[in-house]
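One structure below.
The values are calculated or read from the model by the stated rules, or taken from the named source; none is laboratory data. Predicted, not measured: the structure shown is a model, and the values here were computed from it. When we count neighbours, we look across all protein chains shown, and the Cβ atoms used for this are built from the backbone with ideal geometry, even at glycine.
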């Protein structure tokens, strides 16, 4: 029995590569779109908060409550809960591409807080200097604050990568494909621990690579200054 | 130096709401600052001077009143027009507020970039400004590699890059050591002389005012309690807070402990006199001679005379003893004669009957060392 369980064959190899491709696709799209939306949302939160550059209590409270409501929902529940919306936006809800939609939403929520926190930690003196020079609010946000907070932002996005990988694995549960589905369907459900092990190792390698890259970039930026 | 007012504040009021109360940061202040002047605003922390200076470039909005900059009321401007006015007002800060993500050259070039200068013109102007402040060799360095004095030089180069007509200096030397402070003050003086920049300088260090300012306003609890030319304020301060500030710069005004010590040594009547350029010149201050003719011996027992904006100024404590020990009126007669001659004096009493110096009556403003974060 045991020999039979931990086998590897050409079909598994093929499935593995397909799954890896799907995972990279999900992570890539989520990181770019969700990360981008999260950056916008985070900048808006930062600008509209009390004493901010464009203080606006109504906007801040609405966005803040939205983020606070969505973020704690377990992703596996969230995916199923917004299925009608996914259907409407993506034209379907099964498969890798539709799975990206809930991932993007969840990712942008997490990113927004991360961006907001990174900007809060930046020296408020540079905002005042920018204002005194006659820079516009948008200019101050994008050309002064984002560069000032670049190192913590990069570290934040690096940290986020692990979270997105986690989301992509859960997407596998609802037929999103990817290494998660590979590990669950071909590993766990078929008692093939080798498949699970391979999936885990690959994911660890991915996380390590991204972490090294992120740390390296952040260090480069900080050392240069 | 005084010319057309380039900055005019008219009945300006600004309050800050805290949880429990409303703070009058600026309370009905009216002020004219002439073009080409170096105008100092001195006050203890929390006096409202940081807020006052931020009203000029509208970083803070007024609650009421007018703030005219080159004739334009900045309180009435929209966001876009306000940004244009701000680009003609440079500002430097206590903590420098340099962009840590940008090189020295990029920091200095930033206001020019905002103003839409092309790269070639920008580089030329940046080079000129770096040369003006003397840090050309650090052009490609990042601010964290610079000393405090160098950082403020970059701040000044950045603030002056766009050739503003006004420079606001918010405690620009408070984070610097005395030697670096002098270098930065020299630089500001050059900006005033060579570029004709009007400078509004906020400080809690009277030495900075003494070194640099033509005019000075003393602020306390949101109000301007005294203002005038630097020499006049130094020579004839009327307000206790002003006197205390001046004491920190001149060091010749004895504190209560010193007076007590002097009483211990000298039993006679001690009188504190302010020595000004005009009193030094006039016959009236030939005190020893006058005193002698009125039957009083006088001896200087404490004090010093220094220079403020190029003119002599100081304080001396003299002991006055009647030659004839029974003639106790002689000293009073001498003092009223001095008053008639326009000499400022403060009676410190005798050992047996000491009189407190009114300057030290108030206990406010002991924490002048650190400017609070608003």
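Screening residue A:54 with (1) in contact (Cβ under 8 Å) with a residue 24 or more places away in the chain; (2) buried (at least 19 other Cβ atoms within 10 Å of the Cβ); (3) closer than 30 Å to residue A:125 by Cα gives one miss only, at (2).
Pick out, from segment A:132-225, the helices (runs of 4 or more DSSP H) lying fully within it that include 2 or more residues that are touching a residue at least 12 places away in the same chain (Cβ under 8 Å) and within 14 Å of chain B (Cβ to nearest Cβ). The helices (runs of 4 or more DSSP H) meeting that bar are A:150-171, A:193-224. Output yes when any residue across segment B:273-287 is in contact with a helix residue (DSSP H, G or I) (Cβ under 6 Å, 6 or more places away or on another chain), under 23 Å from residue B:355 (Cα atoms) and modelled with pLDDT of 85 or more, and no when none is. Within segment B:273-287, not a single residue is in contact with a helix residue (DSSP H, G or I) (Cβ under 6 Å, 6 or more places away or on another chain), under 23 Å from residue B:355 (Cα atoms) and modelled with pLDDT of 85 or more.
For segment B:71-80, check the following and say yes or no: at least one residue is assigned to a loop (DSSP other than H, G, I, E, B), in contact with a helix residue (DSSP H, G or I) (Cβ under 9 Å, 6 or more places away or on another chain) and within 13 Å of chain A (Cβ to nearest Cβ). Yes, segment B:71-80 contains a residue that is assigned to a loop (DSSP other than H, G, I, E, B), in contact with a helix residue (DSSP H, G or I) (Cβ under 9 Å, 6 or more places away or on another chain) and within 13 Å of chain A (Cβ to nearest Cβ). Checking each residue in segment A:122-131 for being facing another protein chain (nearest Cβ under 8 Å) and either assigned to a helix (DSSP H, G or I) or at pLDDT 95 or above (or both) picks out A:125, A:126, A:128, A:129, A:131. Could you go through segment B:212-220 and let me know if any residue there is within 20 Å of the chain's Cα centre (by Cα), farther than 20 Å from residue B:320 by Cα and assigned to a helix (DSSP H, G or I). Scanning segment B:212-220, I find at least one residue that is within 20 Å of the chain's Cα centre (by Cα), farther than 20 Å from residue B:320 by Cα and assigned to a helix (DSSP H, G or I), so the answer is yes.
Residues are listed down the side, and each one gets a yes or a no for (1) closer than 23 Å to residue B:69 by Cβ; (2) within 14 Å of chain A (Cβ to nearest Cβ); (3) crowded, with 20+ Cβ neighbours inside 10 Å; (4) touching a strand residue (DSSP E or B) at 6+ places or on another chain (Cβ under 8 Å):
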position: B:130; (1), (2), (3), (4): no, no, yes, no
position: B:140; (1), (2), (3), (4): no, yes, no, no
position: B:164; (1), (2), (3), (4): yes, yes, yes, yes
position: B:167; (1), (2), (3), (4): yes, yes, yes, yes
position: B:181; (1), (2), (3), (4): no, no, yes, no
position: B:198; (1), (2), (3), (4): yes, no, yes, yes
position: B:217; (1), (2), (3), (4): yes, no, yes, yes
position: B:220; (1), (2), (3), (4): no, no, yes, yes
position: B:224; (1), (2), (3), (4): yes, no, yes, yes
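Which of (1) assigned to a helix (DSSP H, G or I); (2) farther than 23 Å from residue B:83 by Cα does residue B:125 not meet, given it meets every other one? Every condition holds for residue B:125 apart from (2). Within 14 Å of another protein chain (Cβ to nearest Cβ), within 27 Å of residue B:50 (Cβ to Cβ) and buried (at least 22 other Cβ atoms within 10 Å of the Cβ): is that true of residue B:85 in this structure? Against the criterion (within 14 Å of another protein chain (Cβ to nearest Cβ), within 27 Å of residue B:50 (Cβ to Cβ) and buried (at least 22 other Cβ atoms within 10 Å of the Cβ)), residue B:85 does not qualify.
The requirement of being part of a helix (DSSP H, G or I), within 14 Å of chain B (Cβ to nearest Cβ) and touching a helix residue (DSSP H, G or I) at 6+ places or on another chain (Cβ under 7 Å) is satisfied by residue A:118.
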